[in-house]
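J.: Mind having a look at this structure? Questions to follow.
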Amino acid sequence: MFNIQNYSNQNIKNDILSGALVSVALVPEAIAFSFIAGVSPVVGLYGAFIIGLITALLGGKPGMISGATGSVAVVFVSLGLSVKHMYPDLSTEDLSMMILHYILLASIIAGLIQIAIGAMKMGKFIRLVPQPALFGFVNGLAIVIAIAQLPFLAPANIEQYSTWIDIIKASFSENYIMYIIIMVTMATMQYLPKISKAVPAGLVAIIVVTLVVYFANIDTRTVGDLADLSNVSMPSFILPDLSLFSWASMAIILPTAIIVALVGLIESLLTLSVLDEMGGERGSGNKECIALGVGNTTSGLFGGMAGCAMIGQSVINFTSGGLGRLSSFTAAVLLIILVVSFSSVIAAIPVAVLVGIMFMVSIGTFEFSSLKRIKHMPRSDAFVLVVVTIITVLEDLAVAVIAGIIISALVFAWEHAKIFARTKEEDNKKIYELDGPLFFGSVTSFNEQFDVENDPSEVIIDFKQARVMDSSGAEAIDGITEKYKQAGKKLSLRHLSEDCKQTLKSAGPFCTYEEDDPTYKVAHNV
């Protein structure tokens, strides 16, 4: 919650102004994501307000912005298609209502899953995501943010064009004013902070451009052209249709809810990691999991769709000076106030100015430094970075991150799949001094180190510089022990660490060995 004692007047001003900027930018995105999911724009707006408000108060990172997102909305697309297939005879209106109830149920269940994950303190597993995968996620998401703005630039009569070249030509000829506004907005956000940072540059661009367009009567697409916001009211409690709790419906809803929960948590925790690097202070992943779960469950109960952290809006907030909870709280509250009470003002905002802001967010989000580092990275890290970027753009965030973790784990296993041994003689005993981890990947290398036939009658394996990592390592020890036993020779193990002993002990009767740890005594001065 808010720590008023740590708030200065400068903090309050920056948080409120930054939150105001974000609240305006949230409106068209919430509307667009609602269209993607196949529901009314109100569903996305309610989700943005409720999730944003709850995560602002309870989340693990002050200033992080959450709401309805494209990554979650895309998951709901397949749910809508399944509902259409399940109820082919419903009218368009009834089908839309049925899809809404399925989405609300999936949002509630996804929220409960996220709460459980946070309660079990599993948010820490985000640390398993390697740095190259994080760079790939950020770069891919920056590209996705930019691509998501392109439909706003397409000509209104796009269906009459058969090729992309014709669409691009028509886009420039019909929407040249939008391109001018976009360039003015981007120039304002680039150069105004160099003159003054008293007010966020994005907010100045929105106010000035909107006033110019309105009073000059410039013909350009506005937020009001995207959706009718005149009848939006405050969200109220809506209990989803409980008759949908059947085996057939849950077979559709539950998998969607699981995917929504995982996608939402991955994007939120990765956004938290990005902001940690930007701000230098570490947030709480487990708190964010619980807060997001509470937000999604509440959103589903009040007619809103599930969502997660929004890296684009979070970066806008951070770079505009919104570093406290007041900024994200202001963004959520102003969003619903603007939509409910000042819908005509919101409707007058040119879409192009918001597109310009998001283009600048995309540029600011992209890790250009990673392009310089990629030349000096190990090939494996560079490969992970590129693959995660491509999968994020072509598929979705969850698949990209999981692929990055798997590839990094395989690369790590391959690079550490070697174990080396130095040999020496001591009292007619041959000692193998191992160096490296003994696990499934290095078992073959381990077995190649020993010369059972030519070794003396007593052999010692020294684990001072080695570790037994898993059951495969234990089985390898058992196998080499058996080989020496069959050769009539004695094998002993030396300098086993406690964790190694535990690993071998866990192997039980499947691993046999004779331990030869010398007892060291401490000399005392007399």
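The values are calculated or read from the model by the stated rules, or taken from the named source; none is laboratory data. Source: prediction; values computed, not measured. Reconstructed Cβ throughout: ideal geometry from the backbone, glycine too, with neighbour counts over all protein chains shown. The area values use the complete protein model at the heavy-atom level, side chains included, leaving out ligands, DNA and RNA. Shrake-Rupley method; radii C 1.70, N 1.55, O 1.52, S 1.80 Å.
J.: For the stretch 218-231, state whether one or more residues are of a type in the set (Lys, Arg), more than 22 Å from Leu335 (Cβ to Cβ) and open to solvent by 40 Å² or more (accessible area, probe 1.4 Å).
T.: No, because not a single residue in the stretch 218-231 is of a type in the set (Lys, Arg), more than 22 Å from Leu335 (Cβ to Cβ) and open to solvent by 40 Å² or more (accessible area, probe 1.4 Å).
J.: Another question, then. Condition first: open to solvent by 10 Å² or more (accessible area, probe 1.4 Å), touching a residue at least 60 places away in the same chain (Cβ under 8 Å) and not charged (D, E, K, R). Now tell me which residues in the stretch 280-302 satisfy that.
T.: Gly283, Ser284, Gly285, Asn286, Ile290, Val294, Thr297, Thr298, Leu301, Phe302
J.: Right, Leu211: surrounded by fewer than 19 Cβ atoms within 10 Å (Cβ to Cβ) and at pLDDT below 85 or not?
T.: When the stated conditions are applied, Leu211 does not pass them.
J.: May I pose another question? May I ask you to list the residues in the stretch 87-96 that are exposed (fewer than 15 other Cβ atoms within 10 Å of the Cβ), in a helix (DSSP H, G or I) and not charged (D, E, K, R)?
T.: Within the stretch 87-96, Thr92 is the sole residue that qualifies.
J.: Of all residues in the stretch 444-467, which are within 16 Å of Leu504 (Cα to Cα) and either modelled with pLDDT under 85 or surrounded by fewer than 20 Cβ atoms within 10 Å (Cβ to Cβ) (or both)?
T.: Listed by number, the residues that qualify are Lys464, Arg467.
J.: Of all residues in the stretch 110-128, count the ones that are buried (at least 21 other Cβ atoms within 10 Å of the Cβ) and modelled with pLDDT under 80.
T.: The qualifying residues number 1.
J.: Next question. State which residue pairs qualify: first residue farther than 18 Å from Ser314 by Cβ and of a type in the set (Ser, Thr, Tyr) and inside the stretch 19-46, second residue open to solvent by 20 Å² or more (accessible area, probe 1.4 Å) and in a helix (DSSP H, G or I) in any location, beta carbons under 8 Å apart, and separation of 6 or more residues or different chains.
T.: Ser34/Pro41; Ser34/Val42; Ser40/Ser96; Ser40/Leu100
J.: One residue is enough: does the stretch 275-298 have a residue meeting the conditions among the small types (Gly, Ala, Ser), part of a loop (DSSP other than H, G, I, E, B) and at pLDDT below 85?
T.: Scanning the stretch 275-298, I find at least one residue that is among the small types (Gly, Ala, Ser), part of a loop (DSSP other than H, G, I, E, B) and at pLDDT below 85, so the answer is yes.
J.: Step by step: first the residues of the stretch 185-227, then only those that are charged (D, E, K, R) and touching a residue at least 60 places away in the same chain (Cβ under 8 Å), then the one that is nearest to Ser341 (Cα to Cα). Which residue is that?
T.: Asp225
J.: While we're on this one: Does Val386 fit the bill of being out of contact with any strand residue (DSSP E or B) (no Cβ under 8 Å at 6 or more places or on another chain), modelled with pLDDT of 85 or more and either crowded, with 20+ Cβ neighbours inside 10 Å or within 30 Å of Leu270 (Cβ to Cβ) (or both)?
T.: yes
The rows are residues; the columns are (1) assigned to a helix (DSSP H, G or I); (2) under 24 Å from Leu141 (Cα atoms); (3) of a type in the set (A, V, I, L, M); (4) open to solvent by 60 Å² or more (accessible area, probe 1.4 Å).
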site: Leu17; (1), (2), (3), (4): yes, no, yes, no
site: Gly44; (1), (2), (3), (4): yes, yes, no, no
site: Pro62; (1), (2), (3), (4): no, yes, no, no
site: Val72; (1), (2), (3), (4): yes, yes, yes, no
site: Val75; (1), (2), (3), (4): yes, yes, yes, no
site: Gly80; (1), (2), (3), (4): yes, no, no, no
site: His85; (1), (2), (3), (4): yes, no, no, yes
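J.: What number of residues in the stretch 145-191 are at pLDDT 85 or above, of a type outside the set (A, V, I, L, M, F, W, C) and open to solvent by less than 90 Å² (accessible area, probe 1.4 Å)?
T.: Looking only at that region, the number is 4.
J.: Do you know which of the residues in the stretch 404-442 that are of a type in the set (Val, Ile, Thr) and within 29 Å of Glu458 (Cα to Cα) is surrounded by the fewest Cβ atoms within 10 Å (Cβ to Cβ)?
T.: Step by step, filter the stretch 404-442, then rank; the result is Thr423.
J.: Still on this structure, I have one more. What single numbered condition from (1) in contact (Cβ under 8 Å) with a residue 12 or more places away in the chain; (2) in a helix (DSSP H, G or I); (3) of a type outside the set (A, V, I, L, M, F, W, C); (4) in contact with a strand residue (DSSP E or B) (Cβ under 9 Å, 6 or more places away or on another chain) fails to hold for Glu482?
T.: Glu482 satisfies all of (1) in contact (Cβ under 8 Å) with a residue 12 or more places away in the chain; (2) in a helix (DSSP H, G or I); (3) of a type outside the set (A, V, I, L, M, F, W, C); (4) in contact with a strand residue (DSSP E or B) (Cβ under 9 Å, 6 or more places away or on another chain) except (4).
J.: I'm trying to understand the selection: among the residues of the stretch 239-265, which are open to solvent by 30 Å² or more (accessible area, probe 1.4 Å) and either touching a Gly at 6+ places or on another chain (Cβ under 7 Å) or in a helix (DSSP H, G or I) (or both)?
T.: Leu242, Ser243, Trp247, Ala248, Met250, Ala251, Ile252, Leu254, Pro255, Ile258, Ile259, Leu262
J.: Please go through the stretch 361-385 and give me each residue that is within 12 Å of Gly136 (Cα to Cα), not in a helix (DSSP H, G or I) and not aromatic (Phe, Trp, Tyr), ordered by number.
T.: Glu367, Ile374
J.: Same structure again: For the condition at pLDDT below 90 and either closer than 30 Å to Ile218 by Cα or of a type in the set (Asp, Glu) (or both), what is the one hit in Ile316, Ile252?
T.: From the options Ile316, Ile252, the qualifying one is Ile316.
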